[in-house]
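The values are calculated or read from the model by the stated rules, or taken from the named source; none is laboratory data. What you see is a predicted model, and the numbers here were worked out from it, not measured in a lab. Here the Cβ positions follow ideal geometry from the backbone for every residue, glycine too, while neighbour counts run over all protein chains shown.
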Amino acid sequence: MKKIVISTGGGDAPGLNAVIHAVVKSSYLRGWEVYGSRSGYKGLLDTDELVRLTPEMVAEITPTGGTILGSTNKGNPFAMPVQNMAGEYQIVDVSDRVMKNFTRRGFDCHIAVGGDGSLEIAQRFAAEKGMPVIGVPKTIDNDLEATQLTFGFDTAVSTATEALDKLHSTAKSHDRVLVVEVMGRDSGWIALNSGISGGADVILLPEIPFDMAKVCAKINDNEAYDKHYAIVVVAEGATAIGADKVCKDGGEIGRQEECLGGIGEWVAKEIRQRTEKDTRSLVLGHLQRGGTPTTFDRLLALRFGGAAVRLVAEGKFGQMVALEGNGMIAVPLEQVIGRRKKVPMDCDKILTAREIGICLGD
Ligand code: F6P
């Protein structure tokens, strides 16, 4: 009999509930118990926020978006924003309290489902506090080097592609340039995959600092083919040559990552000024994180959940489950942290984009 606690941390991604389903069902069928920690580590800080997960509770959650446990990107127990008596926020290390509750409640393992930030926290609990941890990779950005794919990515790309498909007709009707900003942080996977699939004229990636003159030349060049409109996909982390990333002032206490956003509008203004074409921009934003996971993401998430429980059965802690080829592997957590997957310049998607005439801004 084992007792597992599962948490979901960082930005949500379609497929999180499928992981929870697989972990709960495959544990239950082994005769084990699973508890969910609400909002990342909240359930391990305040055990009122721990919820016993039964097969009945997870029976119908696989096709649903979001996470039944809730999530946060401001809940790092090693640097937690806590309000003092004067109402001011102080950053406090509450990791010992988490570890004490984990031990007191008799947990054998923590399955941490998260992206780079959440997995780094899980790794610290494993390395510094001796917590038996298993990581499950999650992010719509697909930017974890240690796994071929993360769940949530396929859904995000499908949402972005569908949006691009819809924008063609309105752009064409008005002879306009439409600039679409997509998520992905410092990796251009969402922009590249959706941009190629959705027939973009220009795709701007964080991996290729762009030259506005080249972007506008491509838009003007469309005229030679009797095409009077253009679709430009911009990754939120893309930058013009020599410029810094464009960020929003998040101003959220305890948030450790910058809040990217605004490059799409900047690009649109430049295009308007340089080409005199009507130009509009839109930010797809959190639409990409919402909704029901695609079949691919559901299956990947269920497989990750199943693989995580198999690692618990084998007592292999301090590992993250990962996709390699057609199968599941385990990668030591310390080899996962801080290794972001960028779009390689020689990959076939980049080559294909160039070969079919898409401008990458260089
Ligand atoms: O990492 C996932 C992600 O959606 C990024 O693509 C994006 O930059 C960020 O999270 C947005 O975070 P938030 O939901 O806190 O605005």
*Output the qualifying pairs, or none if there are none: Cβ atoms under 7 angstrom, residues six or more apart or on different chains, first residue in segment 327-340 and assigned by TED's automatic domain parsing to the domain that holds SER118, second residue basic (Lys, Arg).*
MET328/ARG303; ALA330/LYS316
*Collect the residues in segment 331-356 that are within 30 Å of ILE134 (Cβ to Cβ), touching a helix residue (DSSP H, G or I) at 6+ places or on another chain (Cβ under 7 Å) and hydrophobic (A, V, I, L, M, F, W, C), keeping them in residue-number order.*
LEU333, VAL336, ILE337, VAL343
_Qualifying residues in segment 70-83 (those that are within 16 Å of the ligand (Cβ to nearest atom) and not charged (D, E, K, R)) - the one nearest to GLU120 (Cα to Cα)_ = ASN76
*For VAL113, all conditions in the list (1) of a type in the set (Val, Ile, Thr); (2) out of contact with any Gly (no Cβ under 8 Å at 6 or more places or on another chain); (3) not in a loop (DSSP other than H, G, I, E, B) hold save one; what is the number of the exception?*
(2)
*From SER158, SER173, SER169, SER187, grab the single residue that is more than 14 Å from the ligand (Cβ to nearest atom) and surrounded by 16 or more Cβ atoms within 10 Å (Cβ to Cβ).*
SER158
*Confirm whether VAL34 is among the aliphatic types (A, V, I, L, M) and under 28 Å from GLY250 (Cβ atoms).*
no
_Test: GLY306 is within 16 Å of the ligand (Cβ to nearest atom) and either surrounded by 16 or more Cβ atoms within 10 Å (Cβ to Cβ) or not assigned by TED's automatic domain parsing to the domain that holds ASP201 (or both)_ = no
*Can you name the number of the only condition in (1) part of a loop (DSSP other than H, G, I, E, B); (2) under 26 Å from GLY117 (Cβ atoms); (3) not acidic (Asp, Glu) that GLY242 fails?*
(2)
*Given the conditions (1) more than 30 Å from ALA322 (Cβ to Cβ); (2) within 16 Å of the ligand (Cβ to nearest atom); (3) assigned to a loop (DSSP other than H, G, I, E, B), which single one is not true for LYS277?*
(2)
